[in-house]
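See structure below.
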């Protein structure tokens with residue numbers, strides 16, 4: 001045990017010297033023997049009220065460990081330092097950093113001197129800071145945009161949960177690495193130069209603006225993303241915060257919208273052409289019927305009937321084109337899909353062109369579906385066109 005032999009007179013002199021401090025002298029049994037004016041101001045009890053009381057009962061002390069374990073440590077080591085909770089006379093709780101030191105007045109009078117520092121305000125600030133940090137983290141965890149913070153060297157200082165999901169790296173893997181790891185070439189090699197140039201000249205390329213750039217995932221795939229970067233300077237340190245939004249879904253939707261608009265325009269054009277062509281076919285068919293009544297030679301009649309059959313085929317095709325191009329409300333009903341495929345295959349073949357072989361396999365049994373006929377035909381035609389465009393020339397659909 002660390003021992004400091006001291007007399008009562010010396011103890012009184014020390015207490016007077018540090019009377020303005022928060023100093024408490026008590027025995028191992030906790031009974032208070034000295035109580036400074038600093039303690040009166042801090043705790044609210046006068047010396048006459050405090051002396052003779054058990055300090056831990058008076059202050060309702062909350063220890064970080066069992067009090068007997070702490071007393072044993074003081075006996076063995078001569079001192080102990082830690083943080084405890086105390087109660088003022090008015091009931092308010094205080095956070096106290098305390099140091100206990102053993103003083104020997106002579107056997108068996110061994111005393112403990114407590115020097116207490118009030119850290120309540122500091123503790124409140126730390127608690128509020130932790131709460132704000134936790135609140136900020138909860139917000140960032142729910143923000144759909146990825147957030148990445150870098151320093152003026154380009155090293156990642158913060159990597160949000162959304163960034164982990166978007167790029168495939170964990171925060172542990174990303175923090176401390178250069179942010180260029182999230183960029184494909186040539187942006188990866190040029191990034192540090194852009195950052196150095198901005199710090200030297202103040203000339204901006206992305207900072208303060210939103211731009212569409214390309215991101216690189218951990219698995220090597222790239223994706224379009226919208227990047228917005230802000231700058232902050234605190235304590236002489238410059239940081240940059242980037243918010244990243246994945247544009248993959250938006251680009252896909254925009255492409256689908258363009259295709260839909262294109263098909264709508266094709267449908268309108270097809271409907272107009274088919275209507276005009278149908279009128280021409282009606283004139284041709286009428287003239288062929290009149291001509292048939294005047295011909296008697298079998299050979300000529302055979303040729304005329306072939307022409308009439310071709311005109312009928314053309315009329316059927318124009319009827320299908322008109323149905324395809326007509327804009328109307330959805331009218332789902334039970335359809336014979338096998339029959340629809342047979343009727344629609346000629347139009348699909350002519351749309352695909354002679355270089356593509358169309359193979360239509362129709363099972364013998366009836367296949368039914370509840371669908372809008374025009375929409376089903378449109379879907380089949382779109383699928384056929386997409387298949388043709390994805391295959392080499394002279395392929396089969």
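The values are calculated or read from the model by the stated rules, or taken from the named source; none is laboratory data. Keep in mind that what you see is a predicted model, and the values were worked out from it rather than measured. Heads up, the Cβs are rebuilt from the backbone with ideal geometry, glycines too, and the neighbour counts pull from every protein chain shown.
Report yes if residue 393 is surrounded by fewer than 13 Cβ atoms within 10 Å (Cβ to Cβ) and modelled with pLDDT under 75, otherwise no. It is true that residue 393 is surrounded by fewer than 13 Cβ atoms within 10 Å (Cβ to Cβ) and modelled with pLDDT under 75.
Is there a residue in the range 58-73 that is on the phi > 0 side of the Ramachandran plot and surrounded by 13 or more Cβ atoms within 10 Å (Cβ to Cβ)?
No; the residues of the range 58-73 include none that is on the phi > 0 side of the Ramachandran plot and surrounded by 13 or more Cβ atoms within 10 Å (Cβ to Cβ).
Take residue 14 and decide whether it is surrounded by 14 or more Cβ atoms within 10 Å (Cβ to Cβ) and touching a strand residue (DSSP E or B) at 6+ places or on another chain (Cβ under 6 Å). Taking the combined requirement at face value, the residue does not satisfy it. Taken together, 379, 390, 371 contain a single residue that is within 22 Å of residue 264 (Cα to Cα) and in contact with a strand residue (DSSP E or B) (Cβ under 7 Å, 6 or more places away or on another chain), which is 371. Against the definition (closer than 21 Å to residue 184 by Cβ, out of contact with any helix residue (DSSP H, G or I) (no Cβ under 8 Å at 6 or more places or on another chain) and free of Cβ contacts under 8 Å to residues at least 60 places away in the same chain), how does residue 235 come out, yes or no? For residue 235, the condition - closer than 21 Å to residue 184 by Cβ, out of contact with any helix residue (DSSP H, G or I) (no Cβ under 8 Å at 6 or more places or on another chain) and free of Cβ contacts under 8 Å to residues at least 60 places away in the same chain - is not met. Among 347, 383, which is the only one that is within 30 Å of residue 257 (Cβ to Cβ), modelled with pLDDT of 75 or more and part of a helix (DSSP H, G or I)? Residue meeting the stated conditions: 383.
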